[in-house]
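K.L.:
My structure is below; once you've seen it, I'll send some questions.
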Amino acid sequence: MIKRAAATQTVPNDLEPFWIPFTANRAFKKAPRLIARAKDMHYYTPEGRALLDAAAGLWCTNAGHNREPIVAAIQAQAAELDYAPAFQFSHPKAFELAARVAALAPGDLDHVFFCNSGSEAVDTALKIALAYHNVRGQAARTRLIGRERGYHGVGFGGISVGGIVNNRKHFGALLAGVDHLPSTYNREQQAFTKGEPEWGAHLADELERIVALHDASTVAAVIVEPMAGSTGVLPAPKGYLPRLRAICDKHGILLIFDEVITGFGRLGHAFAAERYGVIPDMICFAKGITSGSVPMGGVIARKGIYDAFMTGPEHVVELFHGYTYSAHPLACAAGLATLDLYREENLFARAKQIEPKWSDAAMSLKGLPNVLDIRTVGLTAGIDLASRPDAAGRRGYDAMVRAFHEDGIMIRAVGDTLAVSPPLIVSQAQIDEIFQKLANIIRAVA
Ligand SMILES: Cc1ncc(COP(=O)(O)O)c(C=O)c1O
């Protein structure tokens with residue numbers, strides 16, 4: 001088999017060695033969905049076919065693809081400083097970016113710990129929560145509470161607090177001492193709601209039941225997504241997050257928002273915490289921080305959490321945690337350029353402004369064959385399709401495959417739920433195009 005140099009190779013001649021994550025490998029390798037290039041709202045296949053990106057890559061390219069200022073910043077950084085050690089040394093852009101991220105966060109969320117992904121952000125936040133209680137003399141607070149249908153990445157911490165059975169069932173006993181709140185989704189009560197459903201705030205009270213079972217003195221933290229993206233766009237019911245906040249305050253439990261998807265404009269604000277008027281103790285972020293251009297994640301912590309660690313001899317490390325590539329120079333340069341672009345183009349406010357048009361367009365799919373529910377919030381939509389008899393997930397998969405090969409659009413399928421979340425630069429005409437194409441696809445897989 002002849003292996004050509006990567007630079008000249010548009011279509012690989014050997015698909016076997018790459019074990020593709022979260023993908024049906026055998027089916028993919030029979031009919032690959034390859035992307036060679038991107039610009040603004042579009043991807044292009046190696047043959048040059050355009051695909052409208054209705055998924056923001058993987059919920060991450062919020063500024064659109066290959067935006068010039070971000071590309072230029074990455075190129076300049078690569079030429080200037082490739083790498084600086086993340087431990088005991090640092091570089092100026094790490095501090096600059098931390099200050100910029102902290103300034104976007106509400107309240108006294110003002111210290112930023114960098115890592116490289118959403119999964120690492122979640123594990124970092126969980127570890128900070130445990131260590132925080134420990135350094136304050138409450139070492140018995142070790143329990144972590146997640147939520148059914150939550151997705152917090154794939155680290156052992158994240159899958160333990162996460163609530164997706166397929167992500168958990170093959171991986172042993174996971175972390176000990178984890179409990180779960182019930183999912184906030186109930187189709188009977190909430191079907192076809194735009195934005196936050198009226199029904200469901202009372203589900204936060206389940207936290208009281210869990211706390212009563214274990215005793216507050218053993219509970220470290222609660223982690224939830226303000227909108228559960230990966231399980232099909234499940235927005236928080238009205239009043240739910242403030243209620244969680246109040247119960248956590250009552251019992252001295254830390255509240256962590258996993259804003260890996262909802263951060264950086266997806267719900268019309270820098271962070272969803274702002275949309276809901278709730279200040280969590282920590283925010284996990286990733287994805288949109290660099291508009292997907294360079295891997296980066298992080299945790300924003302309230303001042304009191306950081307301060308709790310700043311005791312003892314000054315030459316001693318305060319938190320034994322970090323990654324070789326924490327605050328990598330390329331990621332910091334990309335992050336700074338991305339935040340500039342969000343600000344210059346007012347993209348968070350833009351997302352908020354077009355949300356009503358977006359949700360109206362999404363709801364136009366109501367009544368099409370097999371559509372059981374449509375949910376929207378910010379620039380996201382989840383469309384539940386009825387499963388084919390004895391083939392759960394097949395209709396959604398067929399829709400995603402057809403969208404790529406025949407309809408020139410990239411969408412995500414989570415089981416039989418179609419999820420769309422375009423870059424925040426999407427135009428009105430492109431919103432119409434997304435939902436017209438989705439209508440065709442839904443009819444085609446009926
Ligand atoms: C809410 C949430 N947390 C964590 C993650 C994990 O992020 P990553 O894939 O960068 O590890 C994701 C990814 O989609 C996510 O949606």
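K.L.:
Can you give the Kirkwood hydrodynamic radius of region 73-141 from its Cα pairs, in Å with one decimal?
P.N.:
14.5 Å
K.L.:
Now, a different point. In straight Cα distance, which aspartates and glutamates are under 19 Å from K366, not counting same-chain residues fewer than 8 positions off?
P.N.:
Within the straight-line cut-off, K366 pairs with E188, E196, E355, D384, D416, D432, E433.
K.L.:
Say the dipole of the chain comes from +1 at the beta carbon of Lys and Arg and -1 at that of Asp and Glu; which of P280, S183, H405 then lies farthest toward its positive end?
P.N.:
Of the listed residues, the answer is H405.
K.L.:
Using only helices, what value at 222 nm comes out for the chain when you add -39,500 (n - 2.57) per DSSP H run of length 4 or more and divide by the total residues, to the nearest 500 deg cm²/dmol?
P.N.:
Value at 222 nm, helices only: -10500 deg cm²/dmol.
K.L.:
What residues qualify as long-range amide H neighbours of G322, i.e. H under 5 Å apart, gap of 5 or more or another chain, H built at 1.01 Å from N?
P.N.:
Under 5 Å from the amide H of G322 lies no amide H from a residue far enough along the sequence or on another chain.
K.L.:
Using only C-alpha atoms and all pairs of different ones, pull out the Kirkwood radius for region 326-446 in Å with one decimal.
P.N.:
Over region 326-446, the inverse of the mean reciprocal pair distance is 15.6 Å.
K.L.:
Provide the net charge surrounding T311, with neighbours chosen by a C-beta distance below 13 Å and charges set as Lys +1, Arg +1, Asp -1, Glu -1. Provide the component values of the computation, followed by the final result.
P.N.:
Numbers: positive: R136; negative: D307, E314, E318.
Counting the neighbours of T311, the net charge comes to -2.
K.L.:
Moving on. So which of K93/K303; K303/K352; K39/K169; K29/K169; K169/K437; K39/K437 end up more than 31 Å apart, counting from Cα to Cα?
P.N.:
The answer is K39/K169; K169/K437.
K.L.:
State, to one decimal in nm, how far the label point of R402 lies from the label point of R168, with both points 7 Å from Cα in the Cβ direction.
P.N.:
A separation of 3.4 nm, rounded to one decimal place.
K.L.:
For region 200-275, report the convex hull volume of the alpha-carbon atoms normalised per residue, in Å³, without decimals.
P.N.:
92 Å³
K.L.:
So what does log10 I(q)/I(0) come out to for the chain at q = 0.06 Å⁻¹, using the Debye formula with one equal point on every Cα and no solvent?
P.N.:
-0.25
K.L.:
Using unit Cβ charges (K, R positive; D, E negative) and no other charged atoms, how large, in debye to the nearest 20, is the dipole of region 71-344 about its Cα centre?
P.N.:
520 debye
K.L.:
Per residue of region 256-269, in order, report the coupling 6.51 cos²θ - 1.76 cosθ + 1.60 (Karplus, θ = phi - 60°) as ³J(HN,Hα) in whole Hz, putting x for Gly and Pro.
P.N.:
With coefficients 6.51, -1.76 and 1.60, one gets 10, 9, 8, 9, 4, 8, 7, x, 6, x, 4, 9, x, 9 Hz.
K.L.:
Less than 13 Å Cβ to Cβ from E47, Lys/Arg counted +1 and Asp/Glu -1: what total charge do the surrounding residues give?
P.N.:
Summing Lys/Arg as +1 and Asp/Glu as -1 gives +3.
K.L.:
Local charge sum around N62 (other residues, Cβ-Cβ under 12 Å, Lys/Arg +1, Asp/Glu -1)?
P.N.:
On the way: positive: R67, R266, K287, R350; negative: D53, E345.
So the surrounding residues net to +2.
K.L.:
Nearest 5 is fine: what % of DSSP beta bridges in the chain come out antiparallel, could you say?
P.N.:
Close to 65 percent.
All of the numbers you see were taken from the coordinates with simple rules; none came from a lab. Treat the numbers as computed from the prediction; the structure is a model and nothing was measured. A quick note on method: Cβ atoms are made from the backbone with ideal geometry, for glycine too, and the neighbour counts reach across all protein chains shown.
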